[in-house]
Ligand SMILES: [Zn+2]
Ligand SMILES: [Zn+2]
């Protein structure tokens with residue numbers, strides 16, 4: 001398992017004070033702030049727990065029975081030098097507090113504290129800690145060469161993909177990228193583009209399965225005014241827009257047979273015409289295609305042209321599914337965690353061991369995209385600083401069974417899928433109706449009706 | 001049909017010099033939480049929580065008494081005082097609540113308007129509503145929220161209080177509604 005995922009701490013605060021009333025009132029206040037709090041009444045107990053558990057911040061009273069605050073501080077610094085310690089001091093002992101600062105305390109607070117001062121101080125300490133972690137992470141990714149453009153991976157097979165990208169990028173040839181949905185085919189195409197001689201030009205992507213045939217034709221080639229009923233204006237197609245750059249044909253296996261023929265001609269002649277046009281336009285863009293389909297099988301079935309396949313498949317890159325490179329999961333999970341906790345401005349800093357274990361055994365049919373969505377959702381739902389298994393929208397028992405009882409992948413009616421999906425969301429949220437209805441994008445009463453209709457049970 | 005007793009939040013004003021905001025507050029709480037509100041008298045005064053040395057009232061002690069004395073039929077109890085409140089570790093608090101508990105208290109002491117102009121008075125009652133919903137939010141297990149516009153955001157200054165909305169953000173609301181259902 002990835003080393004960098006370990007020895008990370010959960011946002012917890014330790015309070016060391018011999019006065020019960022201080023421990024309780026500070027703990028109560030900080031709990032309402034959402035932190036998880038541990039309190040102890042002596043330096044000895046503090047050292048004992050610190051040597052076993054990890055904290056993001058320690059509040060340490062200067063005056064303690066037994067070993068005093070200053071000595072406790074020195075010992076804490078020996079055990080965990082990076083753990084921030086804030087001294088709590090009474091009015092009479094400011095000099096000692098200054099001494100503590102010299103010994104490595106990050107700050108001190110005079111009892112009683114101003115509430116705004118306390119909250120500012122905690123925020124300052126915790127954000128600078130988060131920033132340190134992020135810097136450390138960036139340095140590690142660069143050092144370990146686990147980042148290539150916007151792709152992140154350390155597994156052997158993905159390192160192989162990075163090498164292929166570097167080799168093919170400077171060439172002009174057509175590239176065919178294969179892999180399941182969510183494996184990052186477009187990111188690979190973009191990486192090729194940004195390492196090619198055409199990097200200053202545009203990168204234009206088009207999903208070949210997104211439009212019916214006639215629209216597709218005009219999307220790709222553009223049209224002249226009056227070419228068909230709705231063609232009120234002349235319009236440039238994606239091939240023209242990609243002029244000087246790269247065109248990315250996603251889901252190329254979905255192209256209609258007629259479009260396949262058109263495309264083949266374009267690739268052979270390096271020219272194309274707008275729909276309804278007679279002026280040839282020369283093709284000046286690199287073509288990268290991608291598919292999650294088995295094109296060789298499609299050729300055998302007669303739905304994909306073999307000649308087009310060979311035109312596209314001059315150089316091919318296959319992206320392995322996430323389940324075949326599980327060593328990348330912790331790395332990717334952490335990357336998305338950083339991204340989303342920054343975007344949502346939430347202090348979610350790590351993933352619990354249990355949650356990570358769950359991610360490692362799950363088989364991720366939706367690949368990296370599914371992982372990304374799962375982390376985004378978990379960051380949003382998560383109430384503490386750590387993602388726990390219940391924050392993840394995955395459960396291993398159910399979701400890994402992608403095949404029917406006879407071992408084949410069954411095609412199911414929409415209703416059945418709706419029923420199963422609602423059940424899954426309900427189970428994943430522990431039958432939290434509000435949350436489930438928000439996830440499903442329907443209101444609570446509709447959800448109740450569907451639960452009744454499908455006779456779903458907790 | 002069987003009559004289901006509707007849950008109710010008891011509001012306990014304690015010797016307020018100015019109680020002009022009370023009816024508005026009851027209405028806002030009812031609207032925001034979807035729970036009935038009612039004026040009740042659990043505590044007549046809070047002198048038992050007075051601290052000689054600090055000249056303030058110890059809010060945690062008051063919460064214990066509120067929780068102990070409020071009849072079970074009340075889902076929550078919110079006390080309102082114009083005295084200044086404190087907890088031992090802090091110089092003052094605007095209010096306090098038992099996290100995931102039953103009792104909450106707010107003080108109008110530091111929310112007072114600068115003058116009696118209608119605009120300042122509006123601000124004053126809106127601050128009270130925000131603090132009341134914030135503390136009640138804590139009793140439903142909500143912790144502070146990073147969304148600056150959310151009721152559950154912890155405000156360091158009155159200005160921040162004035163800037164936040166009288167609304168729970170999407171996530172706080174979701175969590176709250178789950179507790180309330
Ligand atoms: Zn609060
Ligand atoms: Zn919120």
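Taken together, the values in this text are just the output of simple stated rules run on the coordinates, not laboratory data. Here the structure is a predicted model, which is why all the values come from computation and not from measurement. Positions of Cβ are backbone-derived with ideal geometry, glycine not excepted, and every protein chain shown enters the neighbour counts.
Give the peptides A:221-233, B:68-80, A:371-383 in descending order of average Cβ contacts within 10 Å, highest first.
Sorting A:221-233, B:68-80, A:371-383 by mean packing, highest first, produces A:371-383, B:68-80, A:221-233.
Compute the separation of the alpha-carbon centres of region A:268-296 and region A:140-213 and state it in Å as a whole number.
Result: 20 Å between the Cα centres.
Using only helices, what value at 222 nm comes out for chain A when you add -39,500 (n - 2.57) per DSSP H run of length 4 or more and divide by the total residues, to the nearest 500 deg cm²/dmol?
-14000 deg cm²/dmol
At residue A:257 and residue A:300, where each label point lies 7 Å from the Cα along Cα→Cβ, what is the point-to-point distance in nanometres?
2.0 nm
Any chance you could run the full-extension gain for residue A:163 through residue A:380? It's 0.36 nm times the residue separation minus the Cα-Cα distance, nm to one decimal.
74.6 nm
Rounded to the nearest Å, what's the spacing between the alpha carbon centres of region A:57-75 and region B:48-63? Just the number, please.
Between the Cα centre of region A:57-75 and that of region B:48-63, the gap is 29 Å.
Measuring from label point to label point, each 7 Å out along Cα→Cβ, what is the residue B:23 to residue B:64 span in nm?
Here the answer is 3.8 nm between the modelled labels.
Expected output is a single nm value to one decimal: the length gained when fully extending between residue A:101 and residue A:282, i.e. 0.36 nm times separation in residues minus the C-alpha distance. What is it?
58.0 nm
For helix A:367-381, report the angle its Cα long axis makes with the longest principal axis of the Cα atoms of chain A; keep it between 0 and 90° and round to the nearest 10°.
40 degrees
If each of residue B:122 and residue A:228 carries a label point 7 Å out from its Cα toward its Cβ, how far apart are those two points in nm?
Using points 7 Å along Cα→Cβ, the separation is 5.7 nm.
For chain A, what's the relative contact order in percent, using C-alpha pairs closer than 8 Å and at least 6 residues apart?
13 percent
Given R₀ = 22 Å, FRET efficiency for residue A:181-residue A:313 by Cβ-Cβ distance, to 0.05?
About 0.65, to the nearest 0.05.
Cα extents of chain B along the three principal axes, largest first, in whole Å?
55, 35, 32
Would you work out the Kirkwood radius for the protein assembly as shown? I mean one over the mean of 1/r across all pairs of different Cα atoms, in Å.
Mean inverse Cα-Cα distance, inverted, gives 29.4 Å.
What's the angle, to the nearest 10 degrees (0 to 90), between helix A:414-428's Cα axis and the longest principal axis of chain A?
Tilt relative to chain A: about 20 degrees.
At a 10 angstrom cut-off on C-beta neighbours, averaged per residue, how do the peptides A:298-304, A:88-94, B:47-53, A:435-441 rank from highest to lowest?
A:435-441, A:88-94, A:298-304, B:47-53
For residue B:99 and residue B:149 in one chain, what is 0.36 nm times their gap in residues minus the Cα-Cα distance, to one decimal in nm?
15.9 nm
Just want to confirm a number: the relative contact order over chain B, from Cα pairs under 8 angstrom separated by 6+ residues, in percent.
Worked out over chain B, it gives 18 percent.
Using square roots of five times the C-alpha gyration tensor eigenvalues, list the equivalent-ellipsoid semi-axes of region A:169-221 in whole Å, biggest first.
Taking √(5λ) for each eigenvalue gives 23, 16, 9 Å, largest first.
Quick one: angle between helix A:444-453 and the longest Cα principal axis of chain A, in degrees between 0 and 90, rounded to 10, please.
Taking the Cα atoms of chain A, the angle to A:444-453 is about 70 degrees.
May I ask for the equivalent-ellipsoid semi-axes of region A:327-391, computed as the square root of five times each C-alpha gyration tensor eigenvalue and listed largest first in whole Å?
Semi-axes, largest first: 17, 13, 10 Å.
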